[in-house]
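Here the structure comes first, spelled out in structure tokens, and everything after it is commentary.
Just so it is clear, none of the values below were taken in a lab; they were calculated from the coordinates. Worth saying up front: this structure is predicted, and the values here are computed from it rather than measured. Cβ placement follows ideal geometry from the backbone for every residue including glycine, while neighbour counts extend to all protein chains displayed.
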């Protein structure tokens, strides 16, 4: 029962979002023609709990099946969703369908897909198959009549009568995009405009029938000042499929001509910096272009600069990207802009034709003399690869690593290198070719690989998470830029297509071990019955066989747990796990006879049940069951059903050895001769057996003891890492020892101590209230959303910093004036670093003096900023782009008051920087979730773009030119800060586009210092603007940024607020921005203009920071290099030395505040002090 109780620590979190949808309406045609795409209107509804987002790769598609249901074409054409589709919403779109290449009877199955992740399950009522007959036919037509006036006005659309005849076998159907259009030619035979206006037919035009229409005609845009003669050529088309081709009678050369007056919209291309050479996989780039309005009419708001590609080999014009013109441009004015440029998909020589377009109406006339045309050579791909040879993989172990030999060739135009982020990776596909795991392990190249060069690599792969049949697909990737795509050339016989890849069988090593040991276990009693030991030594061996079996069984459980949890064992951890197993065998060793056998079997059963409980708990919270959870049995009913629901079939392999052990114990024959042995020899033998078990366990116990006495005993980044380091049973021993130690340290407060704590908080509330009344009248509740962002390692000295003339944080620099900017916010974190920052900010309490709250006090009942807002009707959500078990967040965040938490599993795969998703992608996916939340909401985002020690930062995301700092740890740190600044700008734009920015308070702060030791990184001293080292410099630089952006309609920005504070003051400050009172149990206070004299911050080592004032503030430094034993007093923020007596009051205040606040967390008083 206690093991199940271990699931009780935290309330049940939200389930992973599910995909679900319904096909509500469709107009699937009963007949299609080979080579002729069709467009079909469909209406679909989102029935899942997750929004459909185009930015996440959600697309509408289809499969083709044979008449008998066999899958023929899995990957149909994709149709983009027009917008974000929230749960319960419906959307109507036009899906493009391409029929199979061969005529026949088929079934069309509509489908939804999230690219590179998964196909959605069938719609609500199951797969719906639509019978479609595909036939062979041709489009044919004949012009019967056309009446065109002799003179036309430029840019004026008219309607003229026209008649055409269907001379083909395919009916013309308006709903499929069939229409009549035209081309304009000059009198000299030059094509002036290819895409004329479309005119739809009134009804279906069968083969052989005529169609009479009022053709919509708009003259081509013409430059110059004189009328010009132009000629019109008719041609029907099926929209986005194909033009029909020449008139079946050959009359396409018979043009109808008219005179056209000059166009008032004219322009000239003054200059551009268009590159003469591009690659087909070149990312979108910006090209500087200067234009002039040379016409007689202003260019309207919404007009755009565009371009078209004309292949030198001939063919249709290819539309390019558009760039918005900057507002109305009057005649004679010049305009300069950065135009978007995207290379064509195919290599070759091209002519780029610049043009200005009034979207949905027409192009401006092209300047004469070809002055808007440029010749561009488009080369093959920059990033391309060939798979020359690869060892065939036929079998892998589930969740275990293997190595594969491959030979690759660089067939692109750029060198592969580690600096560019080029790696070999792979995808696991299921037997049907659907992606199961997109982001496989990366394999580095030992040295750069030049274009054309071949290289042999030993790739590391990891087996899929489940047993079954799979296909292994290799692919190159340039991190943070793109995947290469299919190999350009293959020397291998097999193709890259999923269906042609060889099958790989994935099996459980845990299953093999369990079956082998289970068979041996069952064979033991049978062998014992057939062979009865006669000698003393033989009897001694038989008596100890259950202990040997138990040691092997427990060791096999630890190996199986690694497989089932997906946590790979660290080096030597398997040996440590084998050593630790004997500690659990020591107890059965003290028993004898059948009691020993049963006790050994029951120990193995109990440890297997613990393993299952760990797997369930890890699915929810990212860690094994902590010892503190065993004290929460009163919560059993809360998660019992959830625990049963999470059991997986594969976990049953943990039961094989225990069950066979119970059967063996039940069938093990008695040993009558053992009863004749006296008690004393029995006891000696059992004590000796127990001693040997403890001796075998000693390597693991010593290693755990060393870890407990070191830094791991105070703080653990991830319990999953502890499982990888020690094995799951040793990790439990470590956690138990640490918990017992902490419980012994905590004690219980006396009545007088409790009274003192309550009195301190009451006095603090009065003090804050009086300061608020003097500084700022109380605001009314705004009902605004709150987005609070914790920025990894951001320090205040970075804000406003320029390197080589480039601002590191241009957006945050502007926000110093456009938001509330706090330059004197102190980093108050201690050993828990990032987790301490979360605790400080959300709870407005100081962290522990030693260790991390997130592990040592995870069972506390907290009262946080999220609880305050939830009581006001806010929905709450937290997000972090890394593992859910890191810093125990999956356990702590529900206890901190968050209704939902998004981690790497929920956010999905994507480009990474350091450990987690890159900030830009993280914010993009978070924004998708925020858009679906009921308002008001509180979102808490924790970034992880780069983490100490900043050994590298992706070149693709680096935009600063750092000179001597380039590639150094400090340089990489600055690049990361610059990337965060750019990502934040995109997030604010996204909030604005979603209509949320005007109703959201956005606050951000740094979680802790960047951990640059000043003696090792003297360049930091210079970058921070210090004159040189002094004893107080470290503490003076312990400042992190805080920005609070309040919607402009609520109040003007405060700008620079020179109030000393710490992370403990963030929650009261943002609550004040929302017009909500701080909790009486918070230590911190709102930081507002007018409260400068109340500024204060206590540092974890006992140091203290006082108010900043004109005549110099004061700062007490308790410890540090060059600091006397009794501490030092300095000016703040300048650092000049002062008499210690001037800081005595600060030091005493810090000691009292730290003592009271640490008592709150030590004695679990968070809720008590709020009453």
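Before moving on, here are some points about what is shown:
- When 1143, 257 are sorted by how many other C-beta atoms sit within 10 angstrom of their C-beta, beginning with the fewest, the order is 257, 1143.
- Cα-based Rg of the stretch 800-843 normalised by 2.2 N^0.38 Å, two decimals: 1.54
- Extension gain for the segment residue 522 to residue 294, taken as residue separation times 0.36 nm less the Cα-Cα distance, is 72.6 nm to one decimal.
- Rg/Rh (Cα only; Kirkwood hydrodynamic radius) as it applies to the chain: 1.03
- Shape class of the stretch 21-135 from the alpha-carbon gyration tensor: prolate, with a/c at 1.5 or above and a/b greater than b/c.
- Average Cα contact separation per residue, the stretch 946-1086, under 8 Å, 6 or more apart, as relative contact order %: 18
- Computed from Cα positions, the angle between helix 919-932 and the longest principal axis of the chain comes to roughly 80 degrees.
- DSSP bridge pairs, the stretch 838-960: antiparallel proportion in percent, nearest 5: 20
- Sequence of 758, 732, 480 once ranked by neighbouring C-beta atoms within 10 Å, starting from the fewest: 758, 480, 732
- Descending by average beta-carbon neighbour count within 10 Å, the peptides 351-363, 1073-1085 line up as 1073-1085, 351-363, the highest first.
- Taking 0.36 nm per residue of separation and subtracting the current Cα-Cα distance, fully stretching the chain between residue 500 and residue 465 would add 10.3 nm.
- Separation in nanometres of the label points that stand 7 Å from Cα toward Cβ, at residue 277 and residue 1119: 6.1
- Each 10 Å bin from zero up to the one holding the largest Cα-Cα distance in the stretch 1037-1171 carries the following percent of pairs: 11, 37, 32, 17, 2, 0.
- Stokes-Einstein D in µm²/s, Kirkwood radius over Cα pairs - the stretch 230-305 at 10 °C with 1.306 mPa s viscosity: 91
- Ordering of 810-820, 84-94 by packing is 810-820, 84-94, highest average first (other Cβ atoms within 10 Å, averaged per residue).
- Residue 992-residue 702 FRET efficiency (beta carbon distance; Förster radius 60 Å; 0.05 resolution): 0.55
- The relative contact order of the chain, computed from alpha carbon pairs under 8 Å that lie at least 6 residues apart in sequence, is 8 percent.
- With Cα atoms, 0 to 90° folded angle of helix 636-646 axis to the chain main axis: 50
- Angle between the chain longest axis and helix 1144-1162 axis [Cα atoms, degrees, rounded to 10]: 90
- By the count of other C-beta atoms within 10 Å, a proxy for reagent exposure, 68, 556, 171 are ordered fewest to most as 68, 171, 556.
- DSSP beta bridges fully contained in the chain are about 80 percent antiparallel.
- For the stretch 276-379, alpha-carbon Rg over 2.2 N^0.38 Å: 1.09
- Note on residue 756/residue 1093: beta-carbon distance plugged into 1/(1 + (r/R0)^6) with R0 of 35 Å gives a FRET efficiency of 0.85.
- Taking each residue as 0.36 nm, the span from residue 1049 to residue 204 lengthens on full extension beyond its C-alpha to C-alpha distance by 298.6 nm.
- For the stretch 514-611, averaging the sequence separation of C-alpha pairs within contact (under 8 Å, six or more residues apart) and dividing by the residue count gives a relative contact order of 31 percent.
- With the highest mean first, a sort of the peptides 338-350, 932-944 on other beta-carbon atoms found within 10 angstrom per residue produces 932-944, 338-350.
- Two-site FRET efficiency, residue 419 against residue 379, from Cβ-Cβ distance with R₀ of 25 Å, rounded to 0.05: 0.65
- Rounded if a/c under 1.5, otherwise prolate or oblate - the stretch 756-1170, Cα gyration tensor axes: rounded
- Two-decimal ratio, the stretch 290-335, of alpha-carbon radius of gyration to 2.2 N^0.38 Å: 1.44
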